[in-house]
Amino acid sequence: MSTLKKFGRFDRFDFLTYPAVLFVFLLFTWMLAVYVTSSIPAFQREGWNVYFTNVWNASECPDKEYYGILAAIWGSLYTSTIALLVALPLSISYSIFVVDYAPKRLKGILEITSDIMAGLPTIIYGIWGAFFLVPFLKEWVMMPVYNYLSFIPIFSQKPVSGFSFFSAGVLLGIMITPFVSAVVREAYTTIPHTYREAAYSLGLTRYEATKILIGYVKPAMISGTILGFGRAIGETVAVSLVVGNAFNLSADPFSPGYTISSLIATQYGNSFIYTHMTSVLYAAGLFLFLVGLFITLLGMYVLRRWKKNVSI
Amino acid sequence: MSESEYAIEVENLNIYYGNNHVIKSINLKIPQKTVFAIMGPSGCGKSTMLRSFNRLLDLNKNVRVNGSVHLFGRDIYTGDMDSVEVRREVGMVFQYPNPFPHLSIYNNIALGLKMNKLVKSDKELDERIEWALKKAGLWEEVKHRLNDYPSGLSGGQRQRLVIARVIAMKPKVIMMDEPTANIDPVGSKKIEDLIFELKKDYTIVLVTHNPAQAARVSDYVAFIYLGELVEAGETGKIFTAPESKLTEKYLTGKLV
């Protein structure tokens, strides 16, 4: 028995786990290093203009090549923000219903459904988005908005194809809802029973008590939101199919655009032809890398601070 | 029905958790403005019974309550009163001090007052909160940091904040479910003193697993064992001359 447990100070699990831990950590730093070094040529040629201009001159003559991904950065932020506006109310209402209001049997079904949705390959959302959601949104949302609200500047252009920031945002919102609601749901279920009792014991109605308990998990909701934003901004395949893929800095939500990830995915093939494009795509990736890293850390920080503050 | 001399009258109370019969045919009369202790070993059903007095058991869908509970003569389970009204009149202090961690000290007390529209103006709200904190003996300790979160308070202070939260609503009955179980001895002493003070104005129902505490603070005591009422009566009498052998064994620490 004792020999199985330990050989002196030598623990078998140390031996097995350390290399794996080391490998994962090295992989992370290595990837970051590759992104940084591969982006350098683009920065040397164009400086910060890579991020702050909207041009895409792919030329067979390398001297004339010039790239700036501002439109894609704009598109990423725009679509992700729309996604959150869609996902947040959906997730919060869904979670509250599942935890507090749903009958027991329905609860299980709803939980499994959202878990399955979270695990679906994104291309499934993409195809559905391109063939169903885009035409649907065009007919039932974009056209009516254009018909009745075209006096508002951002809605003044007639929607053409339906492939747009808006479609991408809505699709992303649908895609991240299961993730955000998982975080919200978990936080909401872990509210200690004693606070529920406290709320009701003060003569609060169910609605009032729920409102107070939502206040209690608000930071968890914020962090769920942040993590959802991180996922939305990084999502690629589905977005590429519905965003329209055009260099467009417009605030018109119904116009086509790019996101950083859809830009990389669709331009990747061209980078074999053009001399300076690869480095620019790396620079675009680096931007996404850092934004994603920042957002994830921020989300985790908010969640951790909350757990510490409310811990018993 | 006319106002009863009893704060709470329990008649043939039976409580079931699913198929589990946890409270068995209990009859009990709790006189007004006294401290009524309900004691018994852990898991005997005393906390469950307490929660039937303010309909907090309604939160659990698996629980069934049979029999009747009257609050000052009004039946709390039939059409006489709805659960919100019951809970407004029967305040509760819990075993774990549970002020809401995301609300300031001030807002913890303001919550019930505002939601139940018990005060008419901000000025009245301020006054009521100060009054309640003074009653709970916490005012001097927190008056300079009413907007702080309760995380900075000690366990005993938090429990007194919960008591202030309850007092502020001016309930008729205050129920306390082992209020000192998670509090250090100094904090416990303060809470026991407070209970003594509060019985001048309120009826207090105290659940405790500590017979010594029941002896110290209560006027009447009921001993519950395995969901049944063994014996109830004046504290002095129960502790000096219990009728039941079971009570005697419990009080002398021989009941496991």
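The values are calculated or read from the model by the stated rules, or taken from the named source; none is laboratory data. Note that the coordinates shown come from a computational prediction; the quantities given were computed from them, not determined experimentally. In this analysis, Cβ positions are derived from the backbone assuming ideal geometry, glycine residues included, and neighbour counts consider all displayed protein chains.
Quick notes on this structure:
- Complete set of residues in segment B:52-102 that are among the hydrophobic types (A, V, I, L, M, F, W, C), part of a loop (DSSP other than H, G, I, E, B) and at the interface with chain A (Cβ under 8 Å from one of its Cβ atoms): B:94, B:100
- Among the conditions (1) in a loop (DSSP other than H, G, I, E, B); (2) under 24 Å from residue A:203 (Cα atoms), the only one that residue B:41 does not satisfy is (2).
- Residue match in segment A:102-109 (condition: out of contact with any Ser or Thr (no Cβ under 9 Å at 6 or more places or on another chain) and either assigned to a loop (DSSP other than H, G, I, E, B) or touching a residue at least 24 places away in the same chain (Cβ under 8 Å) (or both)): yes
- Any hit, segment A:173-191, residues being free of Cβ contacts under 8 Å to residues at least 24 places away in the same chain and more than 23 Å from residue A:80 (Cβ to Cβ): yes
- When B:25, B:83, B:4, B:68 are checked against the criterion of being surrounded by fewer than 21 Cβ atoms within 10 Å (Cβ to Cβ) and touching a helix residue (DSSP H, G or I) at 6+ places or on another chain (Cβ under 9 Å), B:83 stands alone in meeting it.
- Put simply, of B:33, B:117, B:123 the only residue that is more than 8 Å from chain A (Cβ to nearest Cβ), outside any strand (DSSP E or B) and modelled with pLDDT of 95 or more is B:123.
- Qualifying residue in segment B:53-61 (condition: in contact (Cβ under 8 Å) with a residue 40 or more places away in the chain and within 13 Å of the chain's Cα centre (by Cα)): yes
- Annotation note: Cβ proximity below 7 Å between a residue of segment A:222-241 that is among the basic types (Lys, Arg) and a residue that is buried (at least 24 other Cβ atoms within 10 Å of the Cβ) (sequence gap 6+ or interchain) occurs for A:231/A:176.
- Residues of segment B:213-240 classified as outside any strand (DSSP E or B), surrounded by 19 or more Cβ atoms within 10 Å (Cβ to Cβ) and of a type outside the set (S, T, N, Q), total: 4
- Taken over segment B:239-256, the criterion of being under 19 Å from residue B:218 (Cα atoms) and touching a residue at least 24 places away in the same chain (Cβ under 8 Å) is satisfied by B:239, B:247, B:250, B:251.
- Taken over segment B:129-159, the criterion of being of a type outside the set (A, V, I, L, M), assigned to a helix (DSSP H, G or I) and within 14 Å of chain A (Cβ to nearest Cβ) is satisfied by B:150, B:151, B:152, B:155, B:158, B:159.
- Considering segment A:193-255, the qualifying helices (runs of 4 or more DSSP H), each wholly inside and each with 2 or more residues that are under 30 Å from residue A:127 (Cβ atoms) and in the same structural domain as residue A:172 (by TED's automatic domain parsing), run over A:206-234, A:237-242.
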